[in-house]
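The values are calculated or read from the model by the stated rules, or taken from the named source; none is laboratory data. Remember, predicted model here, so these are calculated numbers, not experimental data. Ideal geometry is used to build each Cβ from the backbone, glycine not excepted, and the neighbour counts take in all protein chains shown.
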Amino acid sequence: MRKDIIEIRWHGRGGQGAITAAKIVANGAFVSGYKGVVMAPTFGTERRGAPVFTSLKISREKIYDLSPIATPDMVVVLDHTLLDEVDVVAGLKENGLVILNAPPPASAYNFGGARVAVSDVTTHGVTAGLPPGIVNSGIIGAFAKASGLVDIDTLIRAIEEEFTGKKPELNARAARIAYENTSVGEK
Amino acid sequence: MHIIESGNVAAATGVMLSRAQVIAAYPITPQTPLTEKLSEFVESGQLGAQYIPVESEHSAMAVCIAASTAGTRAFTATSANGLLYMNEQLHWAVGARLPIVMCVANRGIGAPWTVWNDHQDSMAQRDVGWIQLYANDHQQIIDTVIKAFRLAQTVSIPVMVCYDGYLLSHTYMPFDRPEQSEVDRFLPAFAPKHFLDPQNPGNFNTVTLPDVRQGVDGVMEPGYIEIRHNLHQDLRAALESYEEIDRDFVKHFGRGGTPFVEEYRCDDARFVAVAIGSLSYQLRDVIDIMREDGIAIGVMGVQMYRPFPDQAIARALSGKECVVVLEKALSYGNQGPLYGDIKSALYRLADRPVLHNYILGLGGREIKTQQLLDALSESCSEPKAIEDTPRWIGLKLQE
Amino acid sequence: MAKKDYCKMISRSKPGPGDGGNTGSWRVMRPIINLDKCIPVKTGKIACFNCWLYCPDCVVTKTIPPTIDLSFCKGCGICAEECPADAIEMVDEASQTEKEK
């Protein structure tokens, strides 16, 4: 299969905004020169609170395969309560990275040896002035810090654009705070 | 201008740029976000259309028929059971030669109930007479919608633009959003050939006798069979019209050039896989893998399905050793619909390829690249095995 | 769920707990029955049992007091809406779970 595609799987609950977060990263990646960007949400019945996952594929070349990610390079978890319910690291490639919305330290979380990055995005959102429970903007900051895939300023701009009319500055601030407070664990 | 949006939004944007005047639609998964986006465009004033909420798809097409007969550019969208619900009206719209455009977000049909993607809905309508165009990605969705409006009004035949539900409707990818001014230059205002006009009173599509008859003005009026014969002739002529329109689209927007089929690595191929929609793109990864192993294989995506571009397909597949048709639909009790059409297109060729048929993806069964690779490898290793029974990919729970 | 003999001809499912999975985890709001207000509890008699009747997931028992199976209760709030005595309150699930910890 194609080796040039970076596969990022986002795990959240219906209504948490995993799709929006993945879309923002997709936009950031595209303007950074990744021509190939495909973001696919869970297909099917939707329900607030139910576990959902979104597949985000990024490549320098156009992507033709839209099927869901089976072997992610990275996994982003917006809600740590999912860990009991969903095997978020299913298929995670060796040397894969888990980015988790949870309080540090990263060493408190064991995913079979995968690299783990944590950020208490839920708290950072409140610190930024957002209503409690908004995590989909902050998680982008954690993603930027842990993955280094797209630079934070590009993502901040993408956040502000996406959240036009919906407190863009606060959402941008949440991402910034999360970015500065992401601890990446050792392997 | 490049934007990253969903296939449904690509379709809605195409409709907006085409300056549709009347929209009547009923929501159905996975088309719903398309209708929602259109109602947003109308509400915000970006699209100066009348949005008429209706209580069913049957009424949606009825309203489009009325609007089109009154001389306005009409649009609707649906999926699966919604398309079937309006089936009677589909026949009416095409018999009445109305240039309605409809998007179909392809979805499987109950029973059993499903909301996921396959092509059974539009395939079940292939004999009705509507022009059927299929898009492989979001760029093709928005481009084909714009071309569809021009084709419909050029040949006075309704056009359905089909794209994979969920796989294209709900995924996000980048595409270029054409400029309104350029679309206006490409798509002239709708000047209907026949419409309800109090200055020229007339009855449209009343009971039409088996035989021809003389009208009150002495002119011989066609019987039913002439009307339907003319539809068929005009559908065949639409092949050339669409080629011209697509050429003009390339001139305006720099994209297109594959009105009937889109080929990838087929020139020197011994084997060709054929599919419709996003599947034809997913197959490209498989083609690349097999080519690396030295297998001369390519993939062809069918873009226009009705009228069937039999000559273009015969030209493309003549001389190939084996053609593998993979489809997300089935004419139950027989074979895949596309398979049958391709077989008959190749009938008169002296050197016709061996044909294989695979059915897959029904009700949204996931299609893995590895499965495609296994199936194509098997077909290429035993191409001479002539069989008419479709093979299936991805079945489980079989003893 | 073991599905040894699946029906080949039609698609069907049989009634039983958990066919939809661990739906209790979807809950964002949790119903709490106030036993001081609940009519069957106060009167000691079989009374309205609207909560049992209207629950779309059949997680409320027709007992005195009624109980709610939290493994499957999705927190839709219909029981609270239909209770004629206003005896059911929908509380934030996350805070409840914190309290219980």
Can you say whether A:Ser55 is of a type in the set (S, T, N, Q) and within 9 Å of another protein chain (Cβ to nearest Cβ), as far as the supplied structure shows? yes
Do you know which of the residues in the stretch A:6-26 that are basic (Lys, Arg) and surrounded by fewer than 24 Cβ atoms within 10 Å (Cβ to Cβ) is farthest from the other protein chains (Cβ to nearest Cβ)? A:Arg13
Among the residues of the stretch C:6-30, the number that are free of Cβ contacts under 8 Å to residues at least 60 places away in the same chain and either more than 14 Å from chain B (Cβ to nearest Cβ) or within 23 Å of C:Asp92 (Cβ to Cβ) (or both) is 13
Being surrounded by 15 or more Cβ atoms within 10 Å (Cβ to Cβ) and either part of a loop (DSSP other than H, G, I, E, B) or in the same structural domain as B:Ala148 (by TED's automatic domain parsing) (or both) is the filter here; which residues of the stretch B:197-249 pass it? B:Thr208, B:Pro222, B:Gly223
Residue in the stretch B:362-392 that is farthest from the other protein chains (Cβ to nearest Cβ), counting only those that are crowded, with 17+ Cβ neighbours inside 10 Å and in contact with a strand residue (DSSP E or B) (Cβ under 8 Å, 6 or more places away or on another chain): B:Pro383
Looking for whichever is at pLDDT below 90, of a type in the set (Asp, Glu) and either touching a Gly at 6+ places or on another chain (Cβ under 7 Å) or over 18 Å from A:Lys23 (Cβ atoms) (or both) here; the options are A:Asp84, A:Asp73. Which one fits? A:Asp84
Is at least one residue of the stretch B:66-87 surrounded by 22 or more Cβ atoms within 10 Å (Cβ to Cβ), assigned to a strand (DSSP E or B) and β-branched (Val, Ile, Thr)? yes
Is it the case that B:Asp341 is within 22 Å of the chain's Cα centre (by Cα) and either part of a helix (DSSP H, G or I) or not polar (S, T, N, Q) (or both)? yes
In the set A:Ala178, A:Ala114, which member is of a type in the set (A, V, I, L, M, F, W, C) and farther than 17 Å from A:Leu78 by Cβ? A:Ala114
Qualifying positions in the stretch B:145-196 - closer than 30 Å to B:Gly364 by Cα and assigned to a helix (DSSP H, G or I): B:Val145, B:Ile146, B:Lys147, B:Ala148, B:Phe149
Name every residue in the stretch A:104-147 that is crowded, with 22+ Cβ neighbours inside 10 Å and aromatic (Phe, Trp, Tyr), in order of residue number. A:Phe143
Test for B:Ala105: is it within 14 Å of another protein chain (Cβ to nearest Cβ) and touching a Phe, Trp or Tyr at 6+ places or on another chain (Cβ under 8 Å): yes
Top-ranked residue of the stretch B:257-279 - restricted to ones that are farther than 20 Å from B:Val354 by Cβ and within 14 Å of chain A (Cβ to nearest Cβ), ranked as nearest to the chain's Cα centre (by Cα): B:Gly277
